[in-house]
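In what follows, a structure is listed as structure tokens, so that the remarks can point back to it.
The values are calculated or read from the model by the stated rules, or taken from the named source; none is laboratory data. Keep in mind that what you see is a predicted model, and the values were worked out from it rather than measured. Neighbour counts are summed over all protein chains in view; Cβ atoms, including those assigned to glycine, are modelled from backbone coordinates with ideal geometry.
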């Protein structure tokens, strides 16, 4: 199947507005040709002045020619404005439709896929890439049509009055065009992709760095604690400097070539006047010196348009990269789980297709049980939880809830079955009431207040100026990590789903908040099937079963006491955790 051109792809989003894009090209061509007419009147003015020299009072047509030149210049501007109005109407529609399609598609993608992209990169694709297409359609394409028409009209003017001077004027044009083709070839296209990658990486790491500022302040770290962010900036700096240095010589030769037209004209004038200066030759030489700067301006426009075409091509590729991500399959079956038990059968998953993040995992969680997942970072704990909640599907094996494959459970039914409390729970810019109500849009004010009370949030509400109607976030109040976590727990309590996933739910809680968060979690967990991911091992001693994960495999499982008696990996983890806790307490007492 033949690949669509970038323009065809963009016109697919224009709908009925595509005719405006084509109309803008026609108007831009008309504007470019009309803009050349004043040069003919300038030639007439110079002609009349030289004819009557030195008695300039006899040049009676000069004023008329001057006003005619002004009139055509104004008409050219008006037509160009009309061209831009048409192109902008179409371009805005295209950019809006691209953003709508991207957002519709992103909302249908597995959450695991969006996490892999990162919010910074996705935001850049949605905003910047669509904005790039708007600039291209609204400005560059109409300008390109005009830039193509201008040389054609100029060629006629240059050869019409004196073909010898006209050919001399074209020599630097040819040189400049050859240098420009060298600069804007395949190598430039590859470099433009590298440039956009460097920008995307820096944007992603910047978002992650800003999110981590609370941790930096808490632990007194510097920017170097976020090595990936600094590396992204350093990589961008290295690339830009190397790119700029690489273009120094070509750009110098290009600028010299297109601005060297005067040297060719002067040399030609000296050569052609060896037999004497005639009025006609002097007239044409002056006219060519006046008109030739338009050539350099037009060539520079074409060069930047070639660069913009590469940029918009890269933007479309990035948009397609997101649109080509496959949403989770939707089964025609409308199965409802019989209970809240969870079973994993020989589940494997890999992020990169090489090393498995999960490798042949099998386990069973009975309804109402609380299990904990522990192990070193990168062991597969969060991946396992994401598989259970169908943030993405396993590449091998299957996951069942209530003896029903989760791929056969309608998405809405599955989401109503599961509540999440993550380690970095986020609140939107809205009132606390609306933040909690997200879990149950039809909840009453009383239900929300009860959920906040169960989540130990009354002390937060009491200190806020407008109680539960207080807006949090930008231009509102700011809550600590532990306070945000309790609001998120209130949201989960209001939802009251039978299955609960707790991913490091106390990670950002300070000592004052931790007790309250634990009390809130206890209230939330009653009667539910719970999967806990925890580094604080003291919080999982009462779990019905603890699974120790290492390199994507379950290496140990059992109750807390049973694992301690086994004297294996978990015993070593518990010993290290206990020693660290005792050291911390002793340090605080000594202080």
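Listed values, structure above:
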item	result
Test: residue 319 is assigned to a strand (DSSP E or B) and touching a residue at least 24 places away in the same chain (Cβ under 8 Å)	no
Residue 100 vs. criteria in contact (Cβ under 8 Å) with a residue 40 or more places away in the chain and either surrounded by 15 or more Cβ atoms within 10 Å (Cβ to Cβ) or assigned to a helix (DSSP H, G or I) (or both)	no
Pairs, first modelled with pLDDT of 75 or more in the stretch 105-117, second part of a loop (DSSP other than H, G, I, E, B), C-beta under 7 Å, six or more apart	108/327; 109/325; 109/327; 110/328; 110/391; 110/392; 113/325; 113/392
Single unsatisfied condition, residue 410 versus (1) over 28 Å from the mean Cα position of the chain (by Cα); (2) crowded, with 18+ Cβ neighbours inside 10 Å; (3) touching a residue at least 60 places away in the same chain (Cβ under 8 Å); (4) more than 16 Å from residue 496 (Cβ to Cβ)	(2)
Tabulated pairs, the stretch 122-135, first surrounded by 15 or more Cβ atoms within 10 Å (Cβ to Cβ), second not in a helix (DSSP H, G or I), C-beta under 9 angstrom, 6+ apart or interchain	133/13
Residue identified as free of Cβ contacts under 8 Å to residues at least 24 places away in the same chain, surrounded by fewer than 21 Cβ atoms within 10 Å (Cβ to Cβ) and within 20 Å of residue 573 (Cβ to Cβ) among 377, 364	377
Subset tally (residues that are in contact with a strand residue (DSSP E or B) (Cβ under 9 Å, 6 or more places away or on another chain) and touching a residue at least 60 places away in the same chain (Cβ under 8 Å)) for the stretch 425-448	1
Selection count, the stretch 332-353, where residues are part of a loop (DSSP other than H, G, I, E, B) and within 23 Å of residue 381 (Cβ to Cβ)	5
Selection status of residue 7, farther than 24 Å from residue 162 by Cβ and buried (at least 17 other Cβ atoms within 10 Å of the Cβ)	no
Some residue of the stretch 77-95 being more than 46 Å from the chain's Cα centre (by Cα) and exposed (fewer than 14 other Cβ atoms within 10 Å of the Cβ)	no
Single residue of the stretch 309-347 satisfying the filter (farther than 30 Å from residue 130 by Cα and surrounded by 17 or more Cβ atoms within 10 Å (Cβ to Cβ)) that is modelled with the lowest pLDDT	335
Residues being within 38 Å of the chain's Cα centre (by Cα) and under 21 Å from residue 454 (Cα atoms) - total across the stretch 524-556	6
Answer from 79, 70, 74 - the residue that is modelled with pLDDT of 85 or more and out of contact with any helix residue (DSSP H, G or I) (no Cβ under 9 Å at 6 or more places or on another chain)	74
Residue 441 being part of a loop (DSSP other than H, G, I, E, B), within 29 Å of residue 341 (Cβ to Cβ), out of contact with any helix residue (DSSP H, G or I) (no Cβ under 9 Å at 6 or more places or on another chain) and in the same structural domain as residue 392 (by TED's automatic domain parsing)	yes
Any hit, the stretch 50-68, residues being touching a residue at least 12 places away in the same chain (Cβ under 8 Å), farther than 30 Å from residue 313 by Cα and under 51 Å from the mean Cα position of the chain (by Cα)	yes
